[in-house]
Structure formats: C-alpha cells, structure tokens
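Colleague: Sharing a structure, written as structure tokens. Questions coming.
Nothing in this text is a laboratory measurement; each read-out follows from the coordinates by a stated rule. Quick caveat, the model's predicted, so the values are computed rather than measured. Here the Cβ positions follow ideal geometry from the backbone for every residue, glycine too, while neighbour counts run over all protein chains shown.
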C-alpha cells in the first residue's frame, strides 16, 4: 500500500533519528531502564561488555528484521510466542558461534548469553517497533538501541575493570598484585576495590550515569 | 566576641558581588560561632529550642569518651602485639606511650574523615546554593570510630566520598538521607577492602610488622575468637564459642572495652556515658535503644536454645558487649533521620534491628559484624514500618468514628 508513495531515502531524517535517539534521549538502559540484568552481570570486563553488545546487536538486528517481515502474518493472540521462537533460535546461533570461536569468553559469559532471551530490550523492541514497521526502519531501530545499550555497558565496564581489577582490556594498569610479587602502585599500599567487582556496584555505576545524563539534559528529568 | 563578629562581617560576601557563590561557606562558619540574628517572620516551623548545630555538637561530645578510650585501646593492643606488655593487668604501664601511639594512629583518620567529608559537603552546598548544614559533624566523628586503626587514609577518603555523595547528597543533603552515612562508609570499606576490615590481621594496630605474636595473643577480636572452631590451634578440637571466649576474655573485659577491635566501639562503658548524655538531652530515642537491646537479647537467647555453631552458644549478655552492638545501639540505630518516626514504629524498628544484627552474627560466620548490615537494612525498612503504623492508626480512628 505504501508502494504508491514516493520511496523514502534509506537514510532520511526520520530514519537517522531511529538510530540517534536511543543513544541519549531514549537510551534503553538509562531512560527506559531495560536490560539492567545484563548490565549488572557482565560488566566486570570491557571485553565481556563488547562481546555482549555484539551478541545483542546480532540477535536484535536479525530478530527485528524477521519479526518485521512476519508482522502481517502473526496472529496477535500468539505474537509473544512467535517472537520468543525468533529470539530463542537467534540466541542459540550466537551461543554456538561463541562456543566455537571464542571459547574463553563464552565460558566467562556462561549463562548470560542464553539469558539474552530474557533481555527486555529485545522483546521490548519487537513489540514496540518491529511489529508495526517495515524491515529497514526496524533494522535501524535495532542498531540504535543496541548501540545505546552498548555505550552504557562499556562505560560501566571501563570503570569496573579499571578500579575493580586494575586492568584495561586485560592489561595491568597499576602493576601486578599477585601475592608475593607486587609491583607498581600495589607496593605503596594501593588495593583493588572488591566492591566494584560485585554486581551491586554496577547498579551504582548505572545510577551515576543516569545522574550525569539528567544533569546535562534537564528535559529528561521526570516531573513529580 | 564583638571583635570576631566584626571580622566575620567584614568577610561576608555580598549577594551580588564577585564571591556571592561562596556565601554558603561563609554562612556555615558564621553560624558555628554565632546564633544568627534573623528569625522566621511568619508560619514558624520551629519544633524545638535547640538547632541542628547544637544537636550535632552534643552528639560529638557524647562520642568523646569512645574516642578517648579508642585512642588508649589502640595503643594498648599495639604494645601487646609487640610483646612489650601483657594483655591483662598492665593497663597503666606505658600509659603515655599508649596514648601517643593511639593518637598517631587515630587522629589522622579523624582529620581525613572531616576534611574530605566537609569538602564534599561544601562543594555540593556551593553548587546548589544551599545553606551548609552540619550533618557531617557527627558522621565525620563516627567513621573513625568504627574502622580498624590501621585502615589506610586513602581508603577512608574514598569511603567518605562514596558515603557522602551516594548516601546523602544524591538524596538532597543533610536530613534527607535514607541510610546512615557512617555505616555506608563502613559497608563500602567492608566489601571493597575485605582484607583490611576483617580477619585476624587488622584488629591490633601495627600487627603486620610483628613476626610472632606473644603467647596467648591471637590478633582476632573476641567476637572472632568465639567462632573459631579449632581453638587453641595446637589441639585441633571443637573449642569455639563460650569456651574460646573464656580462654582469653571475661565479660568484664569486653564491658570495659579492653579487647581488640575497631577504634571506638570496644568499650561498653564509654558507649553508656554517651548514651546517658544523649538520653538526658533527649536527642536519642530511648524507645529505639531499649527495643534494640531487647531484640538482641531475645535472639541471643533463642540461638542459645538450639545452638548449632560456636557463635550461638554465646551468652546473650556477651553479645551485647562484643563487636559493635553497644556502639550501634547508642549512636547508629538512634540516628533520628534514618529511624522510624512514629513511637510504635520505633519499638518495632529497634527490636527488628537488634534481632537481625544478632541473627546475622550467629548464622553467617563471614559477617561477624552483623550489626552494620542489620542497621543499614532497617534504615531502608523504616519508612515501611511508619507507613503501616500510621495506616493502622487511621483505621482504628475511622472505626471509632463509625461506631460513635
């Protein structure tokens, strides 16, 4: 039916907005408060955060396109089940690929790859966007949301890896803290903060990001 | 006084001048020295003749016995660890040395705690153009008293920043916090740097430099020893609980505070002096204090009945005298901002906190200092308790109204 209209350019203003708003003004983690569980669980190292964001990019990107293509065929009464089947199949693919090519990371991420199924961002975008839009905008929406999610994940993980483990991408920043062979800052009494490694701290970190974001952009502050 | 007043007035930044942003800082210093001349013109909200600064100052005064005893006790256990004096009996020997050593260990912590905490507080007040309030005067004194004397100063600074920013300023500053600031700082240290806050290496100052401890000295707190399943180590038998405690200590030791531990919380006597002052001036609620103690005694007694681990065998009275129970009962749980506001709520709040503290202590060997956890947890529960107390009252009165 929309064939009659003039074809929209691939990167029209509207389409660009689909990618840019979830980065800041409508960030899935800090504004919609979705996907918090994985933000707490896998942000102890930057590598894990990046792999997680990549996996979510694949699942959400492919999933949004598939759901969008199927949107007129899915009876609305069973749409959640259909969406779940789509996510589950995609997550299994990701899981197998990670196990085959990045066994170390896959082991560290353990169940959290499987738990991408329960990442609220994915079902949220299926329901809120892909069910009512064409494949190309749905794909852009997926990209925008995943990047918005990834930014928060990486910010949190940079902070947690540096101050919790004293490392950046696995490189020791402050010297070695192995008992008996301390070097660098550890010889003068510096210690890594164990609390930052614990999951609850990620909640504080996300909270601080939300604070900073709203302090910068007053329009985001809810009024009550 | 007139001279100081004139000098202060001279430095007052005018509201439109270059330094107007610093007016809260000036105001903060001015009101510490003088009672401000301005009074509320209408719709007065004064509930009490005593203002926040005087309230806080009284709590700090109530903490002084704990601080002084803590300084002495730090020195005492240092010289016990180095083997220069016996743990028992030689209380007054080397008194001067003990006090000097204690001062060297404890005073820097106090200074860092105040300097960092007040700097954060001032920064937020200037940024938000609020009047500076004195909430930190008490927290700044509490923090040094609830950490081991050997805690590195930078850790204190980090913990204080964390506690003041995330415990208080994000909620709107003094009087708005939902959890106790000092305990937030301690919890941060406890989870962040567990090796500096637990175990048997930190409770006697300067112990890490000592190769072999004198005979009969273990380095653990009395509370920690009570849980040791294999004490004395040479015999490797189940000898924890009351037996382990009695091998080294008496109830009297822990009552006066001649046991290793955090700086200011070992002495029940010092806490009681503080309690007397707080109760006499009406700053702390006797309802909370009493129900906290009853809650602790009750759970201590219950755990005696079905003891399955050494902690559970401890006399409930010992529970009150060990660890941070007494200090928590007097200075932590009674914090009027974070406690329940209704009178019935105060009984429930205190009782649950005391009971929960002992529960954590006896069931989780990894967290012998359950009091901190229990108080923080109950801080969060306090508004819920108030909510139900108030609602119950409304319901009761509605009923009365209907029947009448």
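Colleague: Sorted from fewest to most neighbouring beta carbons within 10 Å, what does the list A:160, B:54 look like?
Modeller: Numbers: A:160 23, B:54 14.
Ranking A:160, B:54 by Cβ neighbours within 10 Å, fewest first, gives B:54, A:160.
Colleague: Name the residue, out of A:145, A:194, A:119, whose mean-square fluctuation peaks in a Gaussian network model built on chain A with Cα pairs under 10 Å.
Modeller: Checking each option, the largest mean-square fluctuation is seen for A:194.
Colleague: Follow-up. Given the DSSP H assignment, sum -39500 (n - 2.57) over each helix run of at least 4 residues in the protein assembly as shown and divide by its residue total; what's the result at 222 nm in deg cm²/dmol, nearest 500? Provide the component values of the computation, followed by the final result.
Modeller: Working: 27 runs with 369 residues, N = 628.
When only DSSP H runs of four or more count, the value is -19000 deg cm²/dmol.
Colleague: For an R0 of 22 angstrom, estimate the FRET efficiency from the Cβ-Cβ distance between residue B:280 and residue B:341 and round to the nearest 0.05. Don't jump to the answer; show the numbers that get you there.
Modeller: Working: r = 22 Å, r/R0 = 0.99.
It comes to 0.50.
Colleague: Sticking with this one: Looking only at other chains, what is the average number of their beta-carbon atoms within 10 angstrom of each beta-carbon in A:188-199?
Modeller: 4
Colleague: Relative to the longest principal axis of the C-alpha atoms of chain A, give the angle of the C-alpha long axis of helix A:79-101, reported between 0 and 90° and rounded to the nearest 10°.
Modeller: Roughly 40 degrees between the two axes.
Colleague: Something else about it: Please state the shape class of segment A:36-219: rounded when a/c is under 1.5, otherwise prolate if a/b exceeds b/c and oblate if not, all from the C-alpha gyration tensor. Can you show the working numbers first?
Modeller: Details: a/c = 3.12, a/b = 1.92, b/c = 1.62.
Prolate, since a/c reaches 1.5 and a/b exceeds b/c.
Colleague: Which part of segment A:156-192 falls in the paramagnetic zone of residue B:201, meaning amide N under 18 Å from the point 7 Å along Cα-to-beta-carbon?
Modeller: Counting backbone N atoms under 18 Å from the label point, the list is A:176-192.
Colleague: Could you please rank A:37, B:271, placing first whichever residue has the fewest other Cβ atoms within 10 Å of its Cβ? Write down the numbers at each step before the final one.
Modeller: Numbers: A:37 14, B:271 27.
Ranking A:37, B:271 by Cβ neighbours within 10 Å, fewest first, gives A:37, B:271.
Colleague: Could you check the spin-label model distance between residue B:165 and residue B:115? Points 7 Å from the Cα along Cα→Cβ, value in nm.
Modeller: 1.9
Colleague: Another question about this same structure. Give the relative contact order (percent, whole number) for segment B:91-210; include only Cα pairs under 8 Å separated by 6+ residues. Can you show the working numbers first?
Modeller: Values: 116 pairs, mean separation 32.3, N = 120.
About 27 percent, as a whole number.
Colleague: Which values of log₁₀ I(q)/I(0), to two decimal places, follow from the Debye formula for segment B:308-404 at q = 0.11, 0.12 Å⁻¹ with a uniform point scatterer at every Cα?
Modeller: -0.40, -0.46
Colleague: Still on this model: Could you give the length gained on full extension between residue B:12 and residue B:64, defined as 0.36 nm per residue of separation minus the Cα-Cα distance, in nm? Write out the running numbers ahead of the final one.
Modeller: Details: separation 52, 0.36 × 52 = 18.72 nm, distance 3.26 nm.
Answer, rounded to one decimal: 15.5 nm.
Colleague: Most mobile of A:188, A:87, A:154 per a Gaussian network model of chain A (Cα springs, under 10 Å)?
Modeller: A:188
Colleague: I've got another one for you. Need one value for B:149-156: mean number of C-beta atoms belonging to other chains within 10 Å of its residues' C-beta atoms.
Modeller: 2
Colleague: Still on this structure, I have one more. Based on the Cβ-Cβ distance of residue A:134 and residue A:93, what FRET efficiency does E = 1/(1 + (r/R0)^6) give at R0 = 22 Å, to the nearest 0.05?
Modeller: Details: r = 24 Å, r/R0 = 1.08.
Given R0 = 22 Å and the Cβ-Cβ separation, E is 0.40.
Colleague: Moving on. Give the angle, between 0 and 90 degrees and rounded to the nearest 10, that separates the Cα long axis of helix A:199-216 from the longest principal axis of the Cα atoms of chain A.
Modeller: Between helix and principal axis, roughly 60 degrees.
Colleague: Can you tell me how much longer the chain between residue B:298 and residue B:154 gets when fully stretched, taken as 0.36 nm per residue apart minus their C-alpha distance, in nm with one decimal?
Modeller: Using 0.36 nm per residue and subtracting the Cα-Cα distance, I get 47.9 nm.
Colleague: Taking the Cα centroid of segment B:59-82 and of segment B:328-399, what is the distance between the two, rounded to the nearest whole Å?
Modeller: 29
Colleague: In addition: Let me make sure I get this right: for segment A:122-198, a, b and c are the square roots of the gyration tensor eigenvalues over alpha carbons, sorted descending. Under 1.5 in a/c it's rounded, otherwise prolate if a/b > b/c, else oblate. Which is it? Numbers along the way, then the final one.
Modeller: Numbers: a/c = 5.88, a/b = 4.01, b/c = 1.47.
Taking the square roots of the gyration eigenvalues as a ≥ b ≥ c, segment A:122-198 is prolate.
Colleague: How would you classify the protein assembly as shown from its alpha-carbon gyration tensor, with a ≥ b ≥ c the square roots of the eigenvalues: rounded for a/c under 1.5, else prolate if a/b is greater than b/c, otherwise oblate? Write out the running numbers ahead of the final one.
Modeller: Working: a/c = 1.85, a/b = 1.48, b/c = 1.25.
Prolate, because a/c is 1.5 or more and a/b exceeds b/c.
Colleague: Can you sort B:14, B:267 from fewest to most other Cβ atoms within 10 Å of each residue's own Cβ?
Modeller: Numbers: B:14 9, B:267 26.
Ascending number of Cβ neighbours within 10 Å: B:14, B:267.
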